[in-house]
Structure formats: C-alpha cells, structure tokens
Amino acid sequence: MFSVHLREIPRTISFRTALMSLVLFSCSFLALFGYLYWQTAGYLLAEVDTALYRQIDSRSAQPEDLRLAEIRKHSEQDIDGRLPHGLYDAQGQLIAGAIIKMPASKVYDKPAEFNWKQPKKNKRPVRFILHRLDNGQTLMVAQDIHDIREFDELLVNAMVSGGSLLLVVGLLGAVGLGYAARRRLDVLTRSIERIVKGDLNERLPTRGNRDDIDRIATVVNQMLDELERLMSEVKGVCDDIAHDLRTPLTRLLAGLERAQRRHLREEEYQAAIDNAIEDAQGLLSTFRALLRISEIEASARRSSFAEIDLNRIAADAAEFFEPLAEERGIELTLNHAPAPCLIFGDAQLLFDATCNLLDNAIKFSPDHSRVQVAVMDTPDKRGLCVVDNGPGIPEAEREAVFRRLYRSESSRHTAGNGLGLSMVAAVARLHDMRLEVQDAQPGCRIELIVSA
Amino acid sequence: MTHVLVVEDDPATAREIEAALQDHGFDVTHVDNGREGLVRAISDSYDVIVLDRMLPGALDGLGMLTALRASGIATPVLILSALSALDERVRGLRAGGDDYLTKPFEFIELTARLDALSRRRVAPSEERVNRLRVGNLELDLLKRSVKRGERTVELLPREYALLEYLVQHAEQVVTRTMLFEAVWNYAYDERTNVIEVHMGRLRRKVDGDGEEPMIHTIRGAGYVLRSPA
C-alpha cells in the first residue's frame, strides 16, 4: 500500500534538491579536474621545452666537429629514441642523427610536435625545436612525449569514469531521497485525509528526531488537539443546550396545552398566558447570555479596553449586591487595595464578571454567613477575588463549572442557567487573566488574577 | 398622540413592532429602507424614530442616522440591532442615536424606552430645574434631599439616584434595565432581581406606613411612579 509511482518522484522537493546539488557538484568537479589537467599537462610540456632549449643552447655553442661527433654518438646510444636529434644541411638532407626526415614545419626556435615514424617501429609523438646554425645547417632537438600523452589520457579517463560514477550515484541518491520523502509524505497525506473525513482522533506520525517534517507534524498535532477540544466543547454545548432548553420548552408547551384543553375562566387564561410569557422570557435570556459569551469569546471587544480601576469595579459590584446580601443576613465586605489598582480592560465586562461571582457566592451561601470581595494588589498577585462560606466546589468539578450550561448536582435546584461562570471564564480569557478556584475551608474562593 | 417612524426591513419584525406600538397607543408609520426613512423623517414630523441598524441598500441604519443629524433633524432615535457588542452600542450612540436596544428584545422594553424618549422631547432638559415634584413627593436636586409631605425621606446616594430617575419619568413605565443603565452606568444586565431588592428598599422608604403608595410594580415590565390619586 506504500507503493510510490516512479513518475511521482521527480515532483518531490527532496529529489529536486538532490538533483540541484548533483548539478552543482558536477560543475565544481569539472572545474577542479579541468584545472588540475591544465596545470599538470602544461607543467610537463613546459619542462620538456626548457630541456629542449637548453640542448639547443649547448649544441649551438659547440664547435662544428664536436657537435657532429656528439650527435652521432648520441644517436647510437639512444636506441629507444627518447631524445632524438637531427642535423641537416641547407637543402634539408640529414647529416647526422636519428630523425632521417626533417619535419615539414619550417618554424625555427619554437617548440612544435610531429609524429615520428622510426624504422620498424610505431609512430610516436615527438616535441621538437628547429634551430638554424651559423653555418647554414639546421639543428633539430626533440623529445619523445608519448608518456606525457599517456598520462594526459589517463587523467581524462579518470575524470570521465569518476564523473560518470558521480552522476550515477548522485542520481540514485536523488531518486532514493525523493522516494523516501514521497513515502513519508504519503503517510502524512493519508493521515490528513482520514482527519478530513472526520476522524479527529487521528494524529500525524512523528519520528521524534525534530527534523523539518517532524516539527510541522508536531505543530499540526497541537492544532488538532485544540481542534478536538473545541469540537468536543461545541458538541457538549449543543447537547447541553438541547437538554437545558427542552425542559422549559416542555413546561411552556404543557402549560399552553393545558389552557387549550380545559375550559378556563378569563383570569385563568390570563395566568396561563403570563406563565407562558415568563417561560419564554427565561428562554430568551438564556439565549442572550449564550450569545453574549460567544461575543466575548470572539474577542472583538479588546477595542473597548481602557485603563480601569479594579477597586472601583469591586466597590460598584459590592454596592449593587449589598441589599441582596442584607436580605439574607449575609455580611458582604469589601477589601479594596490601598491605592487604585489600574489594569487595562473592559469595565463593563469585569463588572459583569464580578457580579456573576458575587451572585453565585450569595446564592450558595447559607443565611447569616459571610461573603467577601477583595482587590489584590501585591507585587506578585494583582486581581480580584470573591470568597464565600458556601458548600464550595468539589475538586473534581472545578474545571467543569466553567463549561457552558454546566450545573453541578448540588446546584440543580437553584435558579440560574449555568452560564454565569462560563461568562466569567470568557471575560478572564479576553483579559488574559487566570481564573482559579480554591477551597476557602469552608466555602469557595474564586480569584481573577492579572497575568504579569 | 405620539407619532413613531419605524425603519425596519424584516417584515415579520416590523409587523410585530407596529402591533405592539399601536397597542401602546402610538401612531406608527413603517418604511423598510434607509432612503425612504430619511425622506420621511425629514419631511414629516415624528416624535421618535425606531431604526434598525442593518438595512438593505446603500443607506444602512447608521448612514441614515448620520444623514438625519447632518440635516439638523433632532428627533430622538432608538437604534435596534442584533449586534450587542459594546463597541456597536457606542458607535450607534455616537452617530446620534439616543438609545440602543439589542435584538431579541421585549416589546415592553421598547415601548417603555420610546415613552421615555418622546417625553424627553416634550420637556427639554436644558431648562434648569432645581426641584422636582410629583404629588406630595418633592426632590431638591441641589441638596439631593427628598421630602414626602412634611416627612424627610433619608436615602442612600444610589437610592436617591433611582428615585430621581423615577421622578423624571413619572407616570411612565420604567424597566429594570433602564434603571440599571441610568443609575449604575453599566449597560445590559440580566440580574433584574437585584434591582428588585434595591427598589424594595426604596419603596419602603418612600411609601411610609399609612401613605398612599406611589411606586408601583408592573408585572413582567418594571416600575412606575404615580402621584397618589
């Protein structure tokens, strides 16, 4: 199932990168080898030329008879024809030396080459210099350069075979890399396809070696975690909404149907209508609260942020709730910070959040207990907290209470829509605040802490 | 009779608003776009305008409002909107709106606010009034003191603010949300039961033993301050 079509390989980035580096490497290989070749071959020939000039110099400086004798003697000794000489008269006829026929070239004192055919031997490449002597004769000194040629050839052969090997290995490497990349991407693609089809539990495979693809896969996996969390939250909210709204809707419908069924007197109809309106208004307010949370979470409201004093927020909220607390004999105290506690935020939202916390605190506290609102303004903690002496929130429920429409078992029978703390959580998120639930022993302490 | 211009493009909502306002005793004219609304508002005289924020066509709610104010028409405008974000509210009020109501709303809330807006027009607030009087209840706005007949009513600052608002809107239904917005200066609140407690306290102080009650609760709506018959 992991088969990779060969024609797909050239499209992979790995293959293209490998190919590109192969081309670059080949170019530098050619350049390096060319330079080496040019340098060594040129050096060897230059050495030959220097030797030839030296001989021309020494021979032409010799007296005529000595020169003749030496050339004859040299020709006899140099059987292999390594350094053949030739001495010719003005008509080009050989006087002495190994090379019988003077080469056709008539350029004097410049190195030239020709293929020398020795009797009973193969032609051999020879480098020579012609020099016209004072007496009209022509002196030719030459050197067999067969070895140099062979060395050159060797060098070129080495280059060609090395280069071919390089190309073959490089191409194979590129194909291999392309194949590997393609395979790995195929695995990723298949995972992504499964996710697209709706399997949000699927995660991209990682190798743990922190390479490029691994890093992307890790980030994508984090994104998927978040996505899954959001999806399950949305699903949870949908379920909760469906469940929570069914109850009042059923009640509403039951009331209306009862009114329809029975023959009521006018004031009984009036009462039925009033009840229906009340239920509908309750539903509407739940929707409003839900919409409001969504709006806060869309975090478009940062534009209305300004510098506000938490002391003022706490004082306003405490003052607003004071009569409610008094009615129940609850002692509501306000501990504000000694100096204005200025933060950047939305006064309206923070007021609403504080009110929600206070509302809960008073709602769940027994009569004649205490509720406290405090502004914390110390170097290591700035924020607002509400403490009550109520039943508190069990450790296990401290995360859940911030979920939309969540009602803990103990609060099922108190009034409310289960959105108060969700709203507080949304406000906290918008303000980059930490929301912490602690045990006040007994009771509950909820802190809204400004992140440093 | 109070003449209301309703600019609302959704026919169902418009029909409901029209019915609710007519039942309340308003004379209602309805148009469904900003251009026509602007023409009507400039050529006819209305006591108050109900304006939907989102309107089809070139002229939306805010555009129409801006044009209206630019033409020097000061008719009070209540903006209706599905956008409840505070920014939207501020933008609406800044463009010249006098009040802002978020959909979905309750019609009792709408009529109460329209009452307040149209009444405000009858008695312009520029006039300096130092004393307000309803029946035998008298408020001294400078000293912030209250007397009912010969009896001095001792009020906390917030209670005084509540009473002042009620007196300013005497004989009108005032919703809890209106009270909250006017007295606490925070917008939008669902915690109306807390307002009830505040009002309960105020009522105990204003309507003493043996006195004719002045603060009346309108079920499902709010309160009204009436001078004793």
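Miscellaneous remarks
- For the stretch A:331-400, GluC sites (Glu not before Pro) meeting the loop criterion (DSSP other than H, G, I, E, B) and having at most 12 other Cβ atoms within 10 Å: A:399.
- Estimated from helical segments only, the mean residue ellipticity of chain A at 222 nm is -19500 deg cm²/dmol, where each DSSP H run of four or more residues counts as -39500 (n - 2.57).
- Among A:358, A:253, B:156, the ranking by other beta carbons within 10 Å of each residue's beta carbon, starting with the fewest, stands as A:253, B:156, A:358.
- The mean of 1/r over all distinct Cα pairs in the stretch B:3-122, once inverted, gives the Kirkwood hydrodynamic radius of 13.9 Å.
- Viscosity 1.002 mPa s, temperature 20 °C, Stokes-Einstein D of the stretch A:255-368 from Kirkwood C-alpha radius, µm²/s: 121
- Once backbone amide H atoms are built at 1.01 Å from N, residue B:222 has no partners under 5 Å, excluding neighbours fewer than 5 places away on the same chain.
- Partners for residue B:103 among lysines (Cα-Cα distance below 27 Å; same-chain residues under 8 apart left out): A:235
- For residue A:95, nonlocal amide neighbours, meaning residues 5 or more places apart or on other chains whose placed amide H falls under 5 Å from its own, are A:87, A:88, A:89.
- Debye log10 I(q)/I(0) at q = 0.11, 0.12, 0.14 Å⁻¹ for chain B, Cα point scatterers: -0.59, -0.70, -0.91
- Helical content alone sets the calculated 222 nm signal of chain B at -12500 deg cm²/dmol, taking -39,500 (n - 2.57) per DSSP H segment of four or more residues and averaging over every residue.
- Under a 5 Å amide H cut-off, with hydrogens placed 1.01 Å from N, residue A:331 pairs with A:369, A:370, A:371 among residues at least 5 apart or on other chains.
- The alpha-carbon atoms of the stretch A:301-450, seen along their principal axes, cover 39, 30, 26 angstrom, with the largest extent given first.
- In chain B, excluding the sites themselves, the longest stretch lacking any of the GluC sites (Glu not before Pro) that are in a DSSP loop with at most 11 other Cβ atoms within 10 Å is B:1-125.
- If the convex hull is drawn through the Cα atoms of the protein assembly as shown, its volume per residue in Å³: 365
- Residue-by-residue Karplus 3J(HN,Hα) for the stretch A:327-334, coefficients 6.51, -1.76, 1.60, Hz, glycine and proline x: 4, 9, x, 8, 8, 9, 10, 10
- The angle between the Cα long axis of helix A:212-261 and the longest principal axis of the Cα atoms of chain A comes to about 20 degrees, rounded to the nearest 10.
- Rounded Å value of the spacing that divides the Cα centres of the stretch A:346-361 and the stretch A:3-27: 62
- Spatially proximal lysines relative to residue A:106 (Cα-Cα < 30 Å; intrachain offsets below 8 disregarded): A:73, A:117, A:120, A:121, A:123
- Overall, the stretch A:245-353 carries a charge dipole of about 660 debye about its Cα centre when +1 sits on the Cβ of Lys and Arg and -1 on the Cβ of Asp and Glu, all other atoms neutral.
- Of the trypsin sites (Lys or Arg not before Pro) in the stretch A:229-328, those whose Cβ has at most 14 other Cβ within 10 Å and which sit in DSSP loop: A:262, A:265
- Directionally averaged shadow of the stretch A:88-128, computed from the convex hull of its alpha-carbon atoms, nm²: 3.1
- Cα centroid of the stretch A:158-195 to Cα centroid of the stretch B:1-57, whole Å: 72
- Per the Cα gyration tensor, the stretch A:212-297 maps to an equivalent ellipsoid with semi-axes of 47, 13, 5 Å, ordered largest to smallest.
- Evaluated with a Cβ-only charge set (Lys, Arg +1; Asp, Glu -1), the stretch B:1-140 carries a dipole of roughly 520 debye about its Cα centre, given to the nearest 20.
- Remark: the stretch A:439-446, residue by residue, has Karplus-estimated 3J(HN,Hα) of 8, 8, 6, x, x, 9, 10, 10 Hz, where x stands for each Gly or Pro and the curve is 6.51 cos²θ - 1.76 cosθ + 1.60 at θ = phi - 60°.
- Taking θ as phi - 60° and the Karplus parameters 6.51, -1.76 and 1.60, the scalar couplings of the stretch A:196-205 work out to 4, 6, x, 7, 6, 7, 5, 10, 6, x Hz in sequence order, x denoting glycine and proline.
- Taking one quarter of the surface of the C-alpha convex hull of the stretch B:131-225 gives a mean projected area of 5.9 nm².
- Note on A:355, A:341: ascending count of other Cβ atoms within 10 Å places them as A:341, A:355, the fewest first.
Just so you know, all these numbers are worked out from the coordinates, no wet-lab data involved. Since the structure is predicted, the reported quantities are computational estimates derived from the model, not experimental observations. Positions of Cβ are generated from backbone atoms using ideal geometry, with glycine treated the same way; all protein chains shown enter the neighbour counts.
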